[in-house]
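Presented below is the structure to which this report refers.
Since every read-out is calculated from the coordinates, none of them should be taken as a lab result. Note that the coordinates shown come from a computational prediction; the quantities given were computed from them, not determined experimentally. Cβ placement follows ideal geometry from the backbone for every residue including glycine, while neighbour counts extend to all protein chains displayed.
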């Protein structure tokens, strides 16, 4: 850690860095029970058509967005799908359907073995935050599920803004929330393209978590430090 000054704020990516996750949104094991649930609610849902409309809508959103790295909004997407089936009720049900979709698509959700020891070590020593490409209606219950909610003072979620990492504006949102300049923060993430290049563009010192065996994205960005596990940061 001698290559980096000790920061005021430690910012983390979430999925792939702190949380070990795998989802499969294309499986019929997702869409068949989801469509059945909607039929229980009186909506004429067919699993194959629902699946097709979901991915078609996602493509339309990406094409229509003015952003270079567009993010979808679960409320908008599932609201559009449900209204096409004749739903005209409260937004809360739309969120519940989106969350059911997430639960059905989940194949693995848990902590890496080095996550909790590091967060417990840093907690109280530094202010900590998250910058995550995610849906807020997924992220918040999943943080609670794995027992991490209490560690973070501010959480920046891409679905709130309509753009994703590596857009440096997400990193700027975190700096503004903590009221610190870039050189008083450090960002830790596992994705060289999205995490490291985004932090570098925002002029935040970047630590690349290159876990053994993990897929490496191509990027010209250079991290200030490369580590193979979070335990290497427990000297802070």
Which value, to two decimals, describes the C-alpha radius of gyration of the chain once divided by 2.2 N^0.38 Å?
-> 1.09
Acute angle (nearest 10 degrees) that the helix 168-178 long axis makes with the longest principal axis of the chain, alpha-carbon atoms | 70 degrees
Quick one: work out Rg over Rh on the C-alpha atoms of region 28-107, Rh as Kirkwood radius.
-> 0.97
How would you order 226-234, 52-60 from highest to lowest mean count of nearby Cβ atoms within 10 Å?
-> 226-234, 52-60
What's the extension gain from residue 216 to residue 63 if we count 0.36 nm per residue and subtract their Cα-Cα distance?
-> 52.4 nm
Taking neighbour counts of Cβ atoms within 10 Å as a proxy for exposure, in what order, fewest first, do 31, 72 appear?
-> 72, 31
Can you tell me the 0 to 90 degree angle between the C-alpha axis of helix 136-146 and the longest principal axis of the chain, rounded to 10?
-> 60 degrees
Out of 203, 164, 107, any idea which swings most in a Gaussian network model of the chain, alpha carbons joined below 10 Å?
-> 107
Helix 28-40 sits at what angle to the longest principal axis of the chain, using alpha carbons and giving 0 to 90 degrees rounded to 10?
-> 50 degrees
Percent RCO, i.e. relative contact order, over the chain, from Cα pairs under 8 Å lying at least 6 residues apart | 25 percent
Segment residue 172-residue 116, length gained on full extension (0.36 nm per residue, minus Cα span) | 17.5 nm
Under the definition of Cα pairs under 8 Å and six or more residues apart, what whole-number percent is the relative contact order of region 115-236?
-> 21 percent
What relative contact order, as a whole-number percentage, does region 28-107 give when Cα pairs under 8 Å and 6 or more residues apart are counted?
-> 34 percent
In deg cm²/dmol and to the nearest 500, what is the mean residue ellipticity at 222 nm of the chain if only DSSP H runs of at least 4 residues count, each as -39500 (n - 2.57), divided by the residue total?
-> -12000 deg cm²/dmol
Work out the FRET efficiency for residue 96 and residue 145 from their Cβ-Cβ distance, taking R0 = 22 Å, and round it to the nearest 0.05.
-> 0.85
